[in-house]
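This report refers to the structure that appears directly beneath it.
All of the numbers you see were taken from the coordinates with simple rules; none came from a lab. Computed from a predicted structure; not experimentally measured. Glycine also receives a Cβ, built like all others from the backbone with ideal geometry; neighbour counts cover every protein chain displayed.
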Amino acid sequence: MDAIRLSPPRRLSLPVSNRGGEGQMHVLDFGDPKRPVDIVFVHANGFNALTYRTLLAPLSGSLRIWAPDLRGHGATTLPTEAAGRRDWHDHRDDLVALLDALDGPPVVLAGHSMGGTSALLAAAERPDRVASLVLFDPVIWSRWAVAAFQLPLLDRIASRIPLVKAALRRRAVFESREQAMVAYLGRGAFRGWPEMMLADYLADGLIETPDGYTLACDPAWEASNYAAQSHDPWRALKRLDRPVRVLRAGTGSTCHLAESPRGLPHVTVDTVSGGTHFFPMLRADVARDALFDAAV
């Protein structure tokens, strides 16, 4: 395997202060530090930036990539308050702060699942800092579902959402990293993952404590991200005039955009045939090619 794939990214810490409180956003920096950032890539709910190292590192020979840990994930220390939380505007605002901190020309803003949706929301706030977007199976519900999520009634039924219940049942503490590796390998969302990618997830996804190794993303925060759905990605898409490329999973997609979305001529949607929601992990070449095509 070549040196670029194996070389670790640099670790940066970006101070963030906004309505969600103050703290440090942890960012992985791939590529030549002397060149401007080409791509900002945002991870999915429950994971962290290092999870995608084997996807992003091969691009670092010709591109510079920043990959942040979202609030409540990885090594980022921004506060998390799940009570009364209804949307992903905190993730949006944190990414806006990151975009504002960048020097150089507008970037390709990309992300997977919740990371893709949060990137979209941020781009609508700072379109001048974004050249284009590449979104891997972003969470974009149908228009009527997004409207329904605005209703107060949904606050009372959030705990019944299957993904919320599953997250709250998630085991949070392990005796060792090896025990976590055995527990996850080939199971659930991690089925079919390369071992190196799973090891990368655990490297920043577990925190050593006196009680053992604890998930960096608390299950209650992961559940909050599943429950808080009153943001409006459709409005963000309408506000943008930048190219948006969406790669949607062929099976079990969380993206309800049609392949030719009406009234959104700047949006293109491609379906990854045979791909699941986790195709960036299982078919990294497809995701990597899309990022490279957008950045060059």
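Compute a Gaussian network model of the chain, connecting alpha carbons closer than 10 Å, and tell me which residue from S118, S260, S224 fluctuates the most.
The residue with the greatest mean-square fluctuation here is S260.
At a 10 Å Cβ-Cβ cut-off, how would you order M114, M181, fewest neighbours first?
With the fewest neighbours first, M114, M181 line up as M181, M114.
Stokes-Einstein at 20 °C, 1.002 mPa s, Kirkwood radius from Cα pairs: D for the range 161-289 in µm² s⁻¹?
125
Among V96, V146, V108, which one moves the most in a GNM of the chain with springs linking Cα atoms closer than 10 Å?
V146
Rounded to the nearest 20 debye, what is the charge dipole size of the chain about its Cα centre when +1 sits on each Lys and Arg Cβ and -1 on each Asp and Glu Cβ?
The dipole magnitude comes to about 740 debye.
With runs of 4+ DSSP H residues as the only contributors, calculate the mean residue ellipticity of the chain at 222 nm using -39,500 (n - 2.57) per run, divided by the residue total and rounded to the nearest 500.
Computed mean residue ellipticity for the chain: -9000 deg cm²/dmol.
Taking R0 as 45 Å, what's the FRET efficiency between D285 and R239 from their Cβ-Cβ distance, rounded to 0.05? Don't skip to the answer; put the middle values down first.
Values: r = 32 Å, r/R0 = 0.72.
Approximately 0.90, to the nearest 0.05.
Which one of L153, L247, G192 is farthest out on the positive end of the charge dipole of the chain, using unit charges on Cβ (Lys, Arg +1; Asp, Glu -1) and the Cα centre as origin?
Looking along the dipole axis, the top candidate is L153.
Just to verify a number: FRET efficiency for A147 and A172, C-beta to C-beta distance, R0 = 51 Å, to 0.05?
So the FRET efficiency works out to roughly 0.90.
Using 0.36 nm per residue, how much length does the chain from R187 to R11 gain when fully extended, once their Cα-Cα distance is taken away?
60.4 nm
If you work out Rg and Dmax of the Cα atoms in Å from the coordinates, which of [x] 17.9, 55; [y] 21.7, 71; [z] 20.2, 65 do you get?
From the options [x] 17.9, 55; [y] 21.7, 71; [z] 20.2, 65, the structure gives [x].
Arrange L56, L98 by Cβ neighbour counts within 10 Å, fewest through most, would you?
Placing the least packed residue first, the sequence is L98, L56.
Can you tell me how much longer the chain between D211 and S159 gets when fully stretched, taken as 0.36 nm per residue apart minus their C-alpha distance, in nm with one decimal?
Extra length from D211 to S159 when fully extended: 15.9 nm.
Report the full-extension gain for the segment T77 to A258: residue separation times 0.36 nm, less the Cα-Cα distance, to one decimal in nm.
Computed gain between T77 and A258 is 61.4 nm.
Points 7 angstrom from Cα along the Cβ direction at D100 and D293: gap in nanometres?
For D100 paired with D293, the spin-label model returns 3.4 nm.
In a GNM of the chain with a 10 Å cut-off on Cα contacts, which of L55, L135, L14 has the highest mean-square fluctuation?
L14
What percentages, rounded to whole numbers, describe P(r) for the range 191-240 computed over all alpha carbon pairs with 5 Å bin width beginning at zero?
Reading the bins upward from 0: 5, 15, 13, 15, 16, 13, 13, 7, 3, 1.
For the chain, build the charge dipole from Cβ charges (+1 Lys, Arg; -1 Asp, Glu) around the Cα centre, then report which of S118, V139, G23 sits farthest towards its positive end.
Going by the Cα projections, it comes out as V139.
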